[in-house]
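The values are calculated or read from the model by the stated rules, or taken from the named source; none is laboratory data. The model shown is predicted, which means the values in this text are computed figures rather than measured ones. No Cβ is skipped: glycine too gets one built from the backbone with ideal geometry, and neighbour counts run over all protein chains shown.
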Amino acid sequence: MAAQPPFRAILEVQALLQFQEGLGLKIRKRLCIFLIYVLLLLNSACLFSPPQPAIVINMWHNYFGGGSMQSRMDQLIDEFNRSEGRKQGIILNVSLIGTSSDLVKNFDAILKNEPGASEMPTIAIVYPRTALALQEQGLLLSLDEHFTAEELAAFKPDFLEEGKIANTLCVLPANKSTEVIFLNQTHFDQVADAIEAEDADLTQIETLFTLAKRYYAYTDEQTPDIPSDGRDFLAIDSWYNFFQIYMSQKGSDFLGENGKINATDPHFLSLWNDIADLALIGGLTTYNGYASEISRTGDCLCSIGSTAGILYYGNEVTFPDGHTEEVDYTILPFPISEGGEAFAIQRGGGLIVIRSSAEVEAAAVAFLKWFTEAQRNYQFTLDSGYMPVKNESYDSFVKQFAENEEKEVMDQLQETLAYMSANYRLEFTPLLEQDHDLNERFDDVMKEQLIEARASLATDERNYEQLKADLLSEIISGLEP
Amino acid sequence: MKKETETKGRFSIGKIKLFFREVLKQGTSIQLRLWIFLSLVALQFIAFILMVMLSVGAFDFSESRLSLALETQMTYHKQHMLKNLDYLNIKGEKLAADLSHSIENILTENETPFDKLDGDAPALEKLLSKLAPDLFQQMPEGNASGIYLMLDLSNGAGSSKNRAGLMMRNLEPNSISRSTPNIWMKYGPSSIAKALGIRILPQWRMEFGAKMHEQLQHLKKLSDQHQGLSMDFYLSPAIALDDTEDKAFYLNFPVYDGQNRIIGLCGFEINAMLFKLLYSTPNLEFPSSISLMAPGESDRLMVCQGLISSQTTYFNTEQSEDCLISSTSSDGGLLKEFRSANGEELLGLSQELVVYSHSKPLAVGRWHFAVLFPKKEFQLIESAFRLKTMMWMLFGFMLNFLLLVLLSGFYMGPIHRTLKLILQGSSSEEIERTGIIEIDDLLQFLKAKEISEEAEPTKFSSVKANAVSTHRPKMNITAEEANAFKQRISSLSPAEKAVFDLYLEGHNAQEITELLYLSINTIKTHNKRIYMKLDVHSRRELLEYVYFLEDQEQGLDK
């Protein structure tokens, strides 16, 4: 039996398909275009909708300041993480807080691949010489490329200049300090008459030295039975800086073109004589730590150091027998040598960014910009004993303290800084490309030699002047790299 | 053997290969295509249901991931903390024993009773200077931020609660194996710091203050409560000594004299900085996670007495109102819910930290380790994740829909084209195979019918003729072609001509066999030769020529 062909059914289907051909195919084409459009739209939505994982950047800083500066810095970091950081998906994590020399040691350990060395941070606060050592390895991010000309113009030009290595901005100024006198006013007042001290004596280097000698002699006289037990009056945090400033005030260069100390310069020799006398006979401490430490134990009355040291002085002195006395400190401008120019050096750490992935670098730069915003920079520097680094904040800083009547120690410090900013020539220390750590060795070698010489002074058979000359030549030879 | 195993399995590779080979050979059926189509429709439906469920928060992928991340963090940090405490416990017991022994020896040597040193600053300094080098040497690397010894004596110059002693702090406790650890003096005579060649901290004090004195009193009280006390330690809640803001845990070990009387304490400090460095895990997915160690009960963690490791600050532990976190009901979720006193909501896990072994007499207080995550931030992450998943599902949904549209077109297309050709009257031989089993069967059926029609003209040809006449195709046969056809008729042999004529008379193949007494095969052979000689390819074409010639003869041709 032959099967019947399904012509009727075929015709029906054919009619249906013809209808689809007429209308359905157009609809289908439009539908396809619409769907492709929706898919593309959804796909692009998927690309931007999910939040990216946060970028964690580690930071090392030296805002320690006896806890208070660290606390202020911690608050700022929290503020960044909560605001700008959250917005941009950045988490700033502090992985090391120490003194600037601690940071240098840690960087050294990394550069030398020492076992147990820390992990390289992304951001750090360093002094230019550390930056130079890092940049020799090509580790630093060139900040010029990440800041617009307008953004850079907001910084004080000389502060920016200090952060340049081979004409590339590697260190962004965060805050600057200079050196001032910290005077234990309470104890100074107790002996001022006895040592015939006048306020003006503290403004000149030579008279300051004279006061130091008189104070030592006076305190030595208090115990006639014990010879040479006088107390030191003066402490200088950085002898290297002190020599440099003194010679600049006198119009001489501390360093020659070869990067070596001009030890034959008459001004150098003059200062060396005074320093050696005070260190050997008494009046100047040779303690190789920060002056703030011995100020707090009553081992000196007057010290010269960085403005940033203010937070380390406290307001009491603890004597060896355990009793403590509350004291007031007075902050005075750096003394000027007789007939010399009002000159002082400015210093202070800057922010560096270690080269990394583009994302991490961008995150680090975002923090740098946030941290150095004029108002934030101004407030932070006021709280920590530094000078602001932006033109706007710097100008308001100088104006605000020009006629300040309050005498709180922080206000005094700011007043002194404002005075020095207006009346001193402030310059940064040039980088020593040939000998990065000359400044540290200068202090170490000189103090070490003087401590030894002082201990054996009574038994040394050499002529005193000969002894000093020999000491100097030993010091100079000890400074050879 | 291997092949056999492959084919034996229910879903063996051999079977799958065979299936695809068959599909390629025979084509796919409408049934299979429909099955695939329906599967996609079902998938579409499931995707839609999932999307709806996702949008109403029926799934907790984010919570699972957070839970896993926090559990990992908890396990790692808790183990680390316990190991650290064990290490410090062992080291501290030895330190306390050594110091007790040394003090006893020095006092015996100087024939000075311990109590006589009270108020004698030079004698105390002398005693401490002898103990300092040993203490300095015992500074643990990486486990503690400081080491201390406090005697129950004072130089008498300060407050009655001041106590003489030594504390040295490592400013970089996490830098293990540093050749020169960064150690500073926090408490003690500055002359000892100079002698040891270490510097004094900005917060340096000659003597310990009231907070540490309280610790000693507490230790003595515990000792009185537990007679016959052996060496043990007491972990103090986090406190900030004196006027500093740096909070720390203190692991206090009692120091004894010869009469088994507590004359001081020694131990190790774990400060907030070290805790943060040790217990902070930069979790890239959940960066705001918080590690917390605090005393309290499982539902009440005394945050103000604990230490926190977090990238961001969520508690102000200095404020009393932010000291307490109470756990609320977990609501069956993977994570517990916590609420701080200042209203901050957190999700996380907390586990008891067994600080003291149960046999220890000073085992007082319960400690907990917790890992937490801010709820608000979690909700943000969860909604972002849900949005992302929704977007991808919607993307898949749309893609599936597009696939359905395309698939329907792909498998309807060949059916449409084939049916169109059939209706246009194309021969089944002219229509290409579609690869669709049912359509190909139809073509084969038509082909068979065409052949059958040749063999049964009355039945089939009449219908066919009707069909052809109904849908008489307009063939472009020219007069020249018709004449050439006419001439080719003369090339037929007499037998072929006889068959041809009978066809023209309307007989079918079966009738011709009867009329000419020939078999059907002979007729088929004649057919083939007739087609060949007349240069036609089908009976249909042949009929077209015939109709054309008839029309021409009847004068109907245009």
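Worth pointing out:
Yes/no matrix, rows are residues, columns are (1) modelled with pLDDT of 80 or more; (2) surrounded by fewer than 18 Cβ atoms within 10 Å (Cβ to Cβ):
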residue	(1), (2)
B:Pro295	yes, no
B:Ser309	yes, no
B:Glu318	no, yes
B:Cys323	no, no
B:Leu347	yes, no
B:Val354	yes, yes
B:Pro361	no, yes
B:Phe378	yes, no
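- Some residue of region B:94-112 being farther than 19 Å from B:Leu241 by Cβ, without any contact (Cβ under 8 Å) to a residue 40 or more places away in the chain and in a loop (DSSP other than H, G, I, E, B): yes
- Restricting region A:233-259 to residues that are assigned to a loop (DSSP other than H, G, I, E, B) and aromatic (Phe, Trp, Tyr), the residue that is surrounded by the fewest Cβ atoms within 10 Å (Cβ to Cβ): A:Phe254
- Within region B:335-344, if we keep just the residues that are in contact with an Asp or Glu (Cβ under 7 Å, 6 or more places away or on another chain) and surrounded by fewer than 16 Cβ atoms within 10 Å (Cβ to Cβ), the residue that is modelled with the highest pLDDT turns out to be B:Arg339.
- For region B:405-419, residues that are more than 16 Å from B:Asp441 (Cβ to Cβ) and either without any contact (Cβ under 8 Å) to a residue 40 or more places away in the chain or at the interface with another protein chain (Cβ under 10 Å from one of its Cβ atoms) (or both) total 9.
- Counting the residues of region B:88-103 that are in contact with a strand residue (DSSP E or B) (Cβ under 8 Å, 6 or more places away or on another chain) and within 14 Å of B:Pro140 (Cα to Cα) gives 6.
- Residue check for B:Met168: more than 9 Å from chain A (Cβ to nearest Cβ), among the aliphatic types (A, V, I, L, M) and within 48 Å of the chain's Cα centre (by Cα): yes
- So A:Lys164, is it basic (Lys, Arg) and more than 30 Å from A:Met73 (Cα to Cα): no
- Residue-level analysis places A:Ser83 outside the set of residues that are surrounded by fewer than 20 Cβ atoms within 10 Å (Cβ to Cβ), under 20 Å from A:Ser306 (Cα atoms) and among the small types (Gly, Ala, Ser).
- Every condition in (1) closer than 28 Å to A:His187 by Cβ; (2) surrounded by 22 or more Cβ atoms within 10 Å (Cβ to Cβ) holds for A:Ser337 except the one numbered (2).
Residues checked against (1) under 30 Å from B:Leu292 (Cβ atoms); (2) touching a Ser or Thr at 6+ places or on another chain (Cβ under 7 Å); (3) surrounded by 13 or more Cβ atoms within 10 Å (Cβ to Cβ):
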residue	(1), (2), (3)
B:Leu54	no, yes, yes
B:Gln73	yes, yes, yes
B:Asp86	yes, no, no
B:Ser100	no, no, yes
B:Glu111	no, no, no
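Conditions tested, residue by residue: (1) in a loop (DSSP other than H, G, I, E, B); (2) buried (at least 23 other Cβ atoms within 10 Å of the Cβ); (3) among the basic types (Lys, Arg).
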| position | (1), (2), (3) |
| --- | --- |
| A:Leu280 | no, no, no |
| A:Gly289 | yes, no, no |
| A:Glu293 | no, yes, no |
| A:Asp299 | yes, no, no |
| A:Ala308 | no, yes, no |
| A:Tyr312 | no, yes, no |
| A:Val317 | no, no, no |
| A:Asp321 | yes, no, no |
| A:Glu325 | no, no, no |
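- Subset tally (residues that are part of a loop (DSSP other than H, G, I, E, B), within 44 Å of the chain's Cα centre (by Cα) and either surrounded by 23 or more Cβ atoms within 10 Å (Cβ to Cβ) or modelled with pLDDT under 85 (or both)) for region B:133-160: 5
Results for (1) within 12 Å of chain A (Cβ to nearest Cβ); (2) of a type outside the set (Ser, Thr, Tyr); (3) under 22 Å from B:Ile262 (Cβ atoms), shown as yes or no for each residue.
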position	(1), (2), (3)
B:Leu124	yes, yes, yes
B:Lys130	no, yes, yes
B:Pro133	no, yes, no
B:Gln137	no, yes, no
B:Gly142	yes, yes, no
B:Met150	no, yes, yes
B:Ser154	yes, no, yes
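- Answer residue from region A:100-141, given it is under 19 Å from the mean Cα position of the chain (by Cα) and surrounded by fewer than 16 Cβ atoms within 10 Å (Cβ to Cβ) and is modelled with the highest pLDDT among those: A:Asp108
- Restricting region A:353-374 to residues that are out of contact with any helix residue (DSSP H, G or I) (no Cβ under 8 Å at 6 or more places or on another chain) and outside any helix (DSSP H, G or I) leaves a set whose member that is nearest to A:Val171 (Cα to Cα) is A:Thr372.
- Neighbours by Cβ (under 6 Å, 6+ apart or cross-chain): first from region B:545-558, under 15 Å from B:Tyr503 (Cα atoms); second at pLDDT below 80 and surrounded by fewer than 14 Cβ atoms within 10 Å (Cβ to Cβ): none
- Members of region B:171-208 that are more than 8 Å from chain A (Cβ to nearest Cβ), assigned to a loop (DSSP other than H, G, I, E, B) and at pLDDT 90 or above: B:Gly188
- A:Thr186 surrounded by fewer than 18 Cβ atoms within 10 Å (Cβ to Cβ), within 28 Å of the chain's Cα centre (by Cα) and touching a residue at least 40 places away in the same chain (Cβ under 8 Å): no
- Cβ pairs under 7 Å, 6+ apart, first in region A:79-90 and part of a helix (DSSP H, G or I), second polar (S, T, N, Q): A:Asn81/B:Gln311; A:Asn81/B:Thr312; A:Arg82/B:Thr312
- In the set (1) over 20 Å from B:Leu124 (Cβ atoms); (2) at pLDDT below 90, A:Pro320 fails one condition alone, (1).
- Candidates B:Arg529, B:Arg540: the one that is at pLDDT below 80 and either charged (D, E, K, R) or farther than 21 Å from B:Gly425 by Cα (or both) is B:Arg540.
- Taking the listed residues A:Asp189, A:Asp201, A:Asp193, the one that is part of a loop (DSSP other than H, G, I, E, B), under 30 Å from A:Leu284 (Cα atoms) and modelled with pLDDT of 90 or more is A:Asp193, with no other qualifying.
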